[in-house]
Amino acid sequence: MVLNLEEQKKMEHSGYRFAGKHSHAGAKICHWTKKSILNQGECYKQKFYGIKSHRCLQMSPAIPFCYQKCSFCWRDLSLSRTEWESPYDDPKTIIENCLDAQKNLLCGFFGNDKADEKKLLESKEPNNVAISLAGEPTIYPEINGLIGEFKKRNFTTFLVSNGLLPERLKNLENEPSQLYISLDGDNEKTYNSLCNPQIDNAWDKLISSLEYLPSFNTKTCLRITCVKGENMKNPEQYAKLIKIANPDYIEVKGYMCVGYSRERLTLANMPEHDEILDFSLKIANEIGREVINQSKISRVVLLK
Ligand code: SF4
């Protein structure tokens, strides 16, 4: 087991459900899945890309593993590891256990008269997966098989990566429906201070991943998490990095002062939507792109 029983309990208490028997994979119902079932709004990815929030499975195959300790991360970084020494569960087991967990966690909505009946029935059969939840998914040795298994089940697959395993990304035979790489610094110094990498040459690895991005056939997206007073500067530097990757989309998203990130940052680091829009326009001007969508409630702007 990767996480001991006490650590697992702590995470289960905050809504995680582990899959398999080695406590490295699991799911958690997304805030927006619940909201959508109650017709109280959808996530920005439904607005931008047409996925259905009420049919989305939020999961990770590598919950306790990451090569970064980002100050804006809302997870408990004290549980984070870099070395994967223990055995791991296979993709099929992980997916089936996550789907069962999702069904069990949502069954509480049955009997809630505010719940949309049609959506509730549909939520029993998720068709989109956000492979993000916690940790770095590409550290999972069978990430290629996991994506392949989801695709066999006709899921659209959103993979969010910090790009620190460029070779694993490069060797992905099963490309996700949309591949995200996080770009949280205009230069190595900013990146190191915000993302606190736990391995050597992290910036070079990230740049390698940006260089691989144009070779993907699938939709690609760079996501910039904007932390006010830290990395909302030098749009021309971001432009240079974005041009290397030439992604389909760029999401410029505001840091949210939630979860464990409040131990590291404050409300003052949370930019207003207008500040994010202003910064996005500066980047857009530098790269000859335009704002095609935005979500004020999620403080995110989409460039294409
Ligand atoms: S795509 Fe992300 S935000 Fe949207 S419902 Fe899925 S997990 Fe939630």
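Taking amide H as placed 1.01 Å from N in the peptide plane, residue 81 has its amide H under 5 Å from the amide H of 65, 66, each at least 5 places away in sequence or on another chain.
Taking 7 Å steps out from each Cα toward its Cβ at residue 193 and residue 69 produces label points 1.8 nm apart. Among complete DSSP H helices in the chain, those whose alpha-carbon atoms stretch at least 18 Å along the helix's long axis and whose mean Kyte-Doolittle hydropathy reaches -0.5 are 91-106, 273-287.
In whole percent, how big is the carbon plus sulfur part of the accessible area of the chain, probe 1.4 Å, protein atoms only? Looking at the chain in its full context, I get 46 percent from C and S.
So for the stretch 5-303, taking the charge dipole from beta-carbon charges (+1 Lys/Arg, -1 Asp/Glu), which of 144, 220, 291 sits furthest toward the positive end? The residue sitting farthest along the positive end of the dipole is 291.
Here's how it looks for residue 226: its modeled amide H is under 5 Å from those of 253, 254, 255, which are all 5 or more places away or on a different chain. Using only alpha carbons, the stretch 250-304 has a radius of gyration to Kirkwood radius ratio (Rg to Rh) of 1.04. Separation of the stretch 67-138 and the stretch 152-175, taken as the distance between their Cα centroids, equals 17 angstrom. Provide the net charge surrounding residue 191, with neighbours chosen by a C-beta distance below 12 Å and charges set as Lys +1, Arg +1, Asp -1, Glu -1. Result for the neighbourhood of residue 191: -3.
Using 0.36 nm per residue and subtracting the Cα-Cα separation, the extra length available between residue 9 and residue 290 on full extension is 96.6 nm. Tell me the mean residue ellipticity at 222 nm calculated for the chain from its helices only (DSSP H runs of n ≥ 4, each -39500 (n - 2.57), averaged over every residue, nearest 500). About -10000 deg cm²/dmol. Taking the alpha carbon gyration tensor of the stretch 1-110, multiplying each eigenvalue by 5 and rooting it gives semi-axes of 26, 17, 13 Å, largest first. For the chain, taking the reciprocal of the average inverse distance between every pair of different Cα atoms yields a Kirkwood hydrodynamic radius of 19.7 Å.
Across the chain, Cα pairs under 8 Å and at least six residues apart give a relative contact order of 16 percent. Projecting label points 7 angstrom from Cα along Cα→Cβ for residue 40 and residue 263 puts them 2.8 nm apart.
Here the chain is assigned +1 on the Cβ of each Lys and Arg and -1 on the Cβ of each Asp and Glu. Its dipole about the Cα centre then comes out at about 760 debye. Taking the Cα centre of the stretch 82-179 as reference, the dipole from Cβ charges on Lys and Arg (+1) and Asp and Glu (-1) amounts to some 380 debye. Charges were assigned to the Cβ only: +1 to each Lys and Arg, -1 to each Asp and Glu. The resulting dipole of the stretch 122-215 about its Cα centre is roughly 260 debye. Neighbours of residue 99, meaning other residues whose beta-carbon lies under 13 angstrom from its beta-carbon, give a summed charge of +2 when Lys and Arg score +1 and Asp and Glu score -1. Fully extending the segment from residue 233 to residue 152, taken as 0.36 nm per residue of separation minus the present Cα-Cα distance, adds 24.9 nm.
The values are calculated or read from the model by the stated rules, or taken from the named source; none is laboratory data. Note that the structure is predicted; figures quoted are calculated from it, not measured. For neighbour counting, all protein chains shown are included, and Cβ atoms are generated from backbone atoms with ideal geometry for every residue, glycine included. Side chains are part of the model used for accessible areas, which takes the heavy atoms of the whole protein and leaves out ligands, DNA and RNA. Shrake-Rupley method; radii C 1.70, N 1.55, O 1.52, S 1.80 Å.
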